[in-house]
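The values are calculated or read from the model by the stated rules, or taken from the named source; none is laboratory data. Keep in mind that what you see is a predicted model, and the values were worked out from it rather than measured. Here the Cβ positions follow ideal geometry from the backbone for every residue, glycine too, while neighbour counts run over all protein chains shown. Quick note on the areas: whole protein, heavy atoms, side chains included, nothing else; ligands and nucleic acids left out. Shrake-Rupley method; radii C 1.70, N 1.55, O 1.52, S 1.80 Å.
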Amino acid sequence: MTSRFNVYFYAKESLKEGVTKLEENHKDDYTNLLPLYIYGTKETSKEIFPEMDRVIKKSSICITRHAIKDKKTKEEVYGAVKWIDNAWMSLGKAHFYKREYFNAIETFDFVAHTYKSKEKYEAWLWLVKTYNEMGLLSQSEPYINLIKNESKFPKQFKGEFEVLYAEFYIKQGLYEEAIKKLGEAIAHTKDKKQKARFHFVLGQLYEQQEKDGDNKKAIEQYKKTLAKKPAYEMEFNTRIKLAILAEYNEHTSRKLKHDLLKMLKDIKNDEYQDVIYYTLGQLEEREKNYDVAFNHYKMSASKSKSNNIQKSKSYLRIAEMSFDKEDYPQSKAYYDSTIAFMKEDAAGYKDIISKKNSLDVLVGHINTIKTQDSLLKLAAMDSSSRNEFIKKMIKQIEADELKAKELAEQQANNDNGAVPDNNNNGFQPTAGNNGAWYFYNQQTKAFGVNDFIKKWGNQRKNEDNWRRANKQTTIDPWQTTGSDSIAGKDSIAGTKDSVLSNTKTVDYYLRNIPLTKALQDSSNKTILNAYYALGTIYREQLNNNKRAIATFTKMNERYSRNEFEASSYYQMYRIYLQQKNKEKAEECKNFLIANYPNSDYTLIIKDPNFANAVNAKKSEVEAYYTQTYELYTSNNYSQALGNCNDALKKYSKNDYSAKFALVRALCIGKTQPVDSLEKALKSVIQKYPSSEVDAPAKAMLDAINKAKNPNAAVVDSSKLKPIDPDAYKIKDSIPHYWVVCIPQNRGNVNAFKIKLSNFNNEYYSVKKYQAQTMVLNTTTVVFLKTFTDKNDVLSYNDFVSKKTELFADLQKENISVFGISEDNMILLIKKKNIEEYKTFFNVNYTAKKPL
């Protein structure tokens, strides 16, 4: 009696309360196959930790205090107290819902092997459920077979078993088998809400199975879903499904559109307008009304307020349609928006990222050509016309500023991440420039201002290096002195403040215009490089041969006898061969033979075996680089340096030139004073911009600039203490602490600690975290211990960062929050350099950034 009503009853009620809370907070993604049961996610499960911890506490009390034990063996007399097995099951279920799967498995396995009551069979079910959720289907199968062959298996669990069996098949993609099992599960299910869900999933499975547009069985299941009178969200999405699957003809098309437009007027559907517009877009696409469909998709994106899944889906369709129309700048903008709202585990995410990255590079080259063309156009004007043009532009800017300010404010209050479209069709990302002046589109500026405020806030000073914590350690490349200087210090200093800060002066815009022949040649060189890169991307990454040929042709017409002419003609030759256009292929071949008889491309066309010789040489270079790098890693710097010098002379320009140059610089750093390393790194950056070695070379150069003492003589690079990559160690699996660093007079530390303690008691009572305090310099450090590993502390950090009320007593913008391993904590206390560790944390810990 005491076990049941004093302890187990409350555990059971807390479990119900937690599960109900989880289901109420769950948001179904109707664009994908719905889960048969709602178990929550890693994030949503944290919201029910208090309820589940209460279940664990009450169940543990029931087991430890009320189980009858043998006086001699001191072990429990199993079955002596009726409710102990129930308490064990509640304990296992609580661990399951907290996603502590191994604890759950241990508990269910104990019940299955210990008790002979019906809880034994229920434990089998929950073992299947746990292994299914973990994706360990090979572990689920033995228990499924066990249940199938068990004649005493209780009928009351039959329906749940069939559901889990269907789930087992779904996770393997075996939809035909899943359909059979889910049909049997429905026959054993009495709960109307569950039945509606199962019918809906069955409809989705039939959609996956049915071919040639035959969706009769899916439609039948969706109609059965409606017959069960489900919650409105499911009812709405079921009607949308039926609209999409309906037999299509002119009459049904008109009726479906009429019904959908009517749904838009219903106040109940306000939050579903994004789905309705998307469905209208699908219907219009089916009829090949692409422009109308495009506008519907834009409306869908603009109406989506909280449904990021639908928002990303709408943006993706617009991006794909823009891509098909070869409007690559617009497509790039919408792919950016897609990624901003799409979950990383969504289907096709990696492919979308790949396509977006290609478009980023492509659109960058398109904008480079536009930019340089605009500058050259201005440079060709006489000075009075040029100045007059800029003055008119400045007046236009001033006239637009009020409008731009209003737009920026509107955008700051708009979470859609888009700007109004000129056709009043909702919102769209700014894909290009529609203004008179390419470099000062007010609409683009407003969107950028809003995006900046969202990320960085609006309290930052207008100053150089605003993102850096230590601004004194930065080096201005325009102020470099000595033989390596890029520009003279004196020539810049007098105009820097006035020119760079005042956008309302003619000089501000004149500074980038190439007014000398050398600058114009440089601008044309930039355009040429961009053209060649564009043509190559069109051909190799976007498979748009038509655009590739047009780009190469335009490049060669504009810049005859350019350095890429032979390569571009060879690429066009290969395209024409692929298209079986022998006439055009022959034209390209003859051009190469006549104008570039000794080029590799001509020799490859004449002699196919020549390509094998080129590849052999490439393999030789690769092998030589591997040998050189091994010499460097073995501390044989002199020989590695000699190899690098030989390679850069012997092999001329090749795919490994940049790598040889960087290794050469590193060898110099190990054998010569630090000034020589600095010079060598600058040479690498100048000779190989935008290469794979550019970023690491710049990072090392930046580290040297920070470490150098202006008053000291030559410093040996091996003695530069700040360049210490091994200071903090990456040890993911060892215990970690969660740390909050509060500078002096930046908040009420005691009040924060009280709130932190209350928070942990509510959400992590079982963990029993301990908070301790220390002082580093003038900063109070509150650290919570102990977390099992890196992932454990990052999970905690991610969850706690959303509880803004926890930090109400602190000046949030001034504090630092991060996870740290035990070993690194000892080192941090020794070094007392919080900023240094924060840099390490941001680089090496892959979860969300700290507060």
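Annotations for the structure displayed:
- The residue that is most open to solvent (accessible area, probe 1.4 Å), among those in segment 826-844 that are free of Cβ contacts under 8 Å to residues at least 24 places away in the same chain and within 21 Å of the chain's Cα centre (by Cα), is 843.
- The sole residue among 351, 324 that is farther than 23 Å from residue 296 by Cβ and among the acidic types (Asp, Glu) is 351.
- Residue 241 vs. criteria open to solvent by 60 Å² or more (accessible area, probe 1.4 Å) and either assigned to a helix (DSSP H, G or I) or farther than 21 Å from residue 194 by Cβ (or both): no
- Some residue of segment 272-280 being open to solvent by 50 Å² or more (accessible area, probe 1.4 Å) and assigned to a helix (DSSP H, G or I): no
- Test: residue 755 is under 23 Å from residue 842 (Cβ atoms), among the basic types (Lys, Arg) and open to solvent by 30 Å² or more (accessible area, probe 1.4 Å): no
- Note on segment 305-322: among residues that are closer than 18 Å to residue 356 by Cα, touching an Asp or Glu at 6+ places or on another chain (Cβ under 9 Å) and of a type in the set (Gly, Ala, Ser), the one that is surrounded by the most Cβ atoms within 10 Å (Cβ to Cβ) is 314.
- Check on residue 233, surrounded by 15 or more Cβ atoms within 10 Å (Cβ to Cβ), part of a helix (DSSP H, G or I) and among the acidic types (Asp, Glu): no
- Contact annotation: residue pairs with Cβ atoms under 8 Å, 6 or more positions apart or on different chains, pairing a residue in segment 249-261 that is on the phi < 0 side of the Ramachandran plot with a partner that is outside any helix (DSSP H, G or I), are 252/246; 253/287; 256/246.
- Candidates are the residues of segment 627-675 that are basic (Lys, Arg) and closer than 18 Å to residue 699 by Cβ; the one that is most open to solvent (accessible area, probe 1.4 Å) is 670.
- Taking segment 16-51 as the range and being open to solvent by less than 60 Å² (accessible area, probe 1.4 Å), among the hydroxyl-bearing types (Ser, Thr, Tyr) and within 25 Å of residue 178 (Cα to Cα) as the test, the residues that pass are 30, 31, 37, 39.
- Residue check, residue 775 without any contact (Cβ under 8 Å) to a residue 40 or more places away in the chain, over 27 Å from residue 44 (Cβ atoms) and either out of contact with any helix residue (DSSP H, G or I) (no Cβ under 6 Å at 6 or more places or on another chain) or part of a strand (DSSP E or B) (or both): yes
- Segment 104-130, subset among the hydroxyl-bearing types (Ser, Thr, Tyr) and more than 21 Å from residue 158 (Cα to Cα), residue least open to solvent (accessible area, probe 1.4 Å): 107
- Within segment 637-695, tally of residues that are hydrophobic (A, V, I, L, M, F, W, C) and over 19 Å from residue 626 (Cβ atoms): 8
- Answer from 298, 311, 332 - the residue that is more than 29 Å from residue 260 (Cβ to Cβ), assigned to a helix (DSSP H, G or I) and among the basic types (Lys, Arg): 332
- Every pair of residues 6+ apart whose Cβ atoms lie under 7 Å, when the first sits in segment 194-213 and is over 16 Å from residue 229 (Cβ atoms) and hydroxyl-bearing (Ser, Thr, Tyr) while the second is open to solvent by 10 Å² or more (accessible area, probe 1.4 Å) and modelled with pLDDT of 95 or more: none
- The set of residues in segment 343-362 being without any contact (Cβ under 8 Å) to a residue 40 or more places away in the chain and open to solvent by less than 30 Å² (accessible area, probe 1.4 Å) consists of 352, 359.
- Those residues of segment 601-627 which are at pLDDT 80 or above and in contact with a helix residue (DSSP H, G or I) (Cβ under 9 Å, 6 or more places away or on another chain), in sequence order: 601, 602, 603, 604, 605, 606, 621, 624, 625, 627
- Any hit, segment 553-566, residues being of a type outside the set (Gly, Ala, Ser), open to solvent by 50 Å² or more (accessible area, probe 1.4 Å), assigned to a helix (DSSP H, G or I) and touching a residue at least 60 places away in the same chain (Cβ under 8 Å): no
- Contact map, segment 363-381: first residue charged (D, E, K, R), second residue modelled with pLDDT under 95 and open to solvent by 50 Å² or more (accessible area, probe 1.4 Å), Cβ cut-off under 6 Å, separation 6 or more or different chains; pairs are 370/438.
- Considering 683, 765, 733, the condition of being modelled with pLDDT of 80 or more, of a type in the set (S, T, N, Q) and open to solvent by 70 Å² or more (accessible area, probe 1.4 Å) is satisfied by 733 alone.
- For residue 5: the one exception among (1) hydrophobic (A, V, I, L, M, F, W, C); (2) at pLDDT 90 or above; (3) open to solvent by 50 Å² or more (accessible area, probe 1.4 Å); (4) part of a helix (DSSP H, G or I): (2)
- Test for residue 172: is it surrounded by fewer than 20 Cβ atoms within 10 Å (Cβ to Cβ) and free of Cβ contacts under 8 Å to residues at least 12 places away in the same chain: no
- Close pairs (6 angstrom Cβ cut-off, 6 or more residues apart or separate chains): without any contact (Cβ under 8 Å) to a residue 60 or more places away in the chain in segment 522-542, surrounded by fewer than 19 Cβ atoms within 10 Å (Cβ to Cβ) and not hydrophobic (A, V, I, L, M, F, W, C) anywhere: 528/559; 528/562
- The single residue among 806, 784, 794, 756 that is within 24 Å of residue 53 (Cα to Cα), at pLDDT 85 or above and outside any helix (DSSP H, G or I) turns out to be 784.
- Residue within segment 498-506 that is at pLDDT 90 or above and open to solvent by less than 30 Å² (accessible area, probe 1.4 Å) present: no
- Residues (under 20 Å from residue 166 (Cα atoms), open to solvent by less than 60 Å² (accessible area, probe 1.4 Å) and modelled with pLDDT under 90) located in segment 190-230: 207, 210
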